[in-house]
Amino acid sequence: MAQLVNLPPRVQETDLKGLLKQMWLIRYFEEKVDEFFAKGMIHGTTHLAVGQEASAVGSIAVLEGRDKITSTHRGHGHCIAKGAEVNKMMAELFGRTTGYCKGKGGSMHIADVEKGNLGANGIVGGGFSIATGAALTSKMRNEGYVVLCFFGDGASNEGSFHEAVNLASIWKLPVVFVCENNQYGMSGPVKEMMNVEDIAQRAEAYGIPGKVVDGNDVFDVMNGVGEAVERARNGEGPSIVEAKTYRWKGHSKSDAKKYRTREEEQEWRAKDPIARLRDVLVQEGLLTEEEADNIKAEAKKEIEESVEFAKDSPMPTIDDLMEDIYA
Ligand SMILES: Cc1ncc(C[n+]2csc(CCOP(=O)(O)OP(=O)(O)O)c2C)c(N)n1
Ligand SMILES: [Mg+2]
């Protein structure tokens, strides 16, 4: 874990307690979703990002409010970090009318355009062209915002990745491609899916910077992504930042995780990004043990309340069936 004194002003000036709170909100949100999915109260499918909280929170922490993101199928953490209301998110997963898509979209269709979240996406690699297009808009209209495009290791093997990164490079678009390398696609280990050690190396092929960061260290993520965002905002073009991390839970609803060992899981659990941030803040005297516990308890309460909000909200009726249909 990087020492606070060595961190650039952007970290020093950040509300670090706020970051810890966001990480706990994500952790508890995901755990509740897991619980109610198992109870049959959440339908469809969900992809949980427990263990990956630092890459979402650290990347978004260096953005300005006007900046935009595109998310993925594993996107609850990105949405929370970009300011989504957890009540509306939970209601959406419960299929209630108070949700972001009035209960018709579910886990992979949460967007909040007013907050700059251009949306999660059920299509692996679906965010690349949206992010690049939004960055082109920013440049053409001289609006000054940067777009942060989250994607997985698996998505970097999709054609859309290469098309978007190339175009962003030649047009010097203000987009930062943030790879959350959680070591697996659905079940395929990264090492068997590509012959490069780091996904960041792929940046070389497009003549742009590529950087690897410790995806479980929120400060390292902030530094790596922060540099790339500054570059993008200065008109110097896109970058790829690869955050090495790990998903603690299975890929989606049913996954016996036969493709990995319990020992490997334990090794990564020991690198818990939330515990790491908490410990540094306490060691540096920025937070007392009691304050840290309070932040955790507040987050837990907010998520429990979001479950109550969702449960108390109405289901869509048959009359809602043909509403909000565009094609
Ligand atoms: C175009 C497309 N191909 C395949 C799928 C099925 N699918 C859903 S998630 C996933 C794995 C994606 O892996 P990665 O990009 O590493 O993201 P992670 O699930 O690890 O967060 C696949 C193949 C899909 N949704 N869309
Ligand atoms: Mg992956």
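The values are calculated or read from the model by the stated rules, or taken from the named source; none is laboratory data. All values derive from a computational prediction rather than experimental measurement. Counting neighbours? That spans all protein chains shown, and the Cβs are built from the backbone with ideal geometry, glycine included. The accessibility values were calculated without ligands, DNA or RNA, using every heavy atom of the protein model including side chains. Shrake-Rupley method; radii C 1.70, N 1.55, O 1.52, S 1.80 Å.
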How large are Rg and Dmax for region 1-138 when only the alpha carbon atoms are used, in Å?
15.5, 48
Between region 231-257 and region 46-69, how many Å separate their Cα centres?
9
Taking 0.36 nm per intervening residue step and subtracting the Cα-Cα distance, what contour gain separates residue 172 from residue 64 on full extension?
36.9 nm
Could you work out the longest stretch of the chain that avoids the GluC sites (Glu not before Pro) located in DSSP loops with at most 14 other Cβ atoms within 10 Å?
65-142
When the gyration tensor of region 80-195 is built from Cα positions, what are the square roots of 5 times its three eigenvalues, in whole Å, from largest to smallest?
26, 22, 10
Cross-link pairs beyond the 18 Å C-alpha cut-off, checked among 39/311; 17/88; 17/82; 21/102; 211/249:
17/88; 21/102; 211/249
Grab the beta carbon distance between residue 197 and residue 315, set R0 = 51 Å, and tell me the FRET efficiency rounded to 0.05.
0.55
Suppose we keep just the DSSP beta bridges with both residues in region 4-313; what percent of those would be antiparallel, to 5?
10
If the chain between residue 204 and residue 261 were fully extended at 0.36 nm per residue, the gain over the current Cα-Cα distance would be 17.2 nm
Residue-count net charge about residue 155 - beta-carbon cut-off 15 Å; Lys, Arg +1, Asp, Glu -1
-2
Taking every DSSP bridge whose two residues both lie in region 150-245, the antiparallel percent to the nearest 5 is 5
Mean accessible surface per residue for the chain, computed with a 1.4 Å probe while every protein chain stays in place, in Å²:
45
Which net charge results when you count Lys and Arg as +1 and Asp and Glu as -1 among the other residues whose beta-carbon is under 12 Å from that of residue 235?
+2
Whole-Hz couplings from phi, Karplus 6.51/-1.76/1.60, listed for region 227-243; x for Gly and Pro
4, 5, 5, 4, 4, 4, 5, 7, x, 8, x, x, 9, 10, 10, 9, 9
Charge context of residue 303, other residues only, Cβ under 14 angstrom, K/R +1, D/E -1
-3
Zero-based 20 Å bins, Cα pair distances in the chain, whole percents
33, 59, 8
Partners for residue 244 among aspartates and glutamates (Cα-Cα distance below 15 Å; same-chain residues under 8 apart left out):
53, 153, 180, 197, 198, 214, 217, 220, 264, 265, 267, 272
Whenever you get a sec, compute what percent of the accessible area on the chain sits on carbon and sulfur atoms (1.4 Å probe).
50
If R0 is 22 Å, what FRET efficiency do you get for residue 102 and residue 123 from their C-beta distance, rounded to 0.05?
0.55
Check the straight Cα-Cα distances from residue 139 and name the aspartates and glutamates below 20 Å, setting aside those fewer than 8 residues away within the same chain.
64, 67, 114, 163, 227, 230, 236
At 7 Å along Cα-to-Cβ for each site, give me the label-to-label distance between residue 293 and residue 187 in nm.
4.4
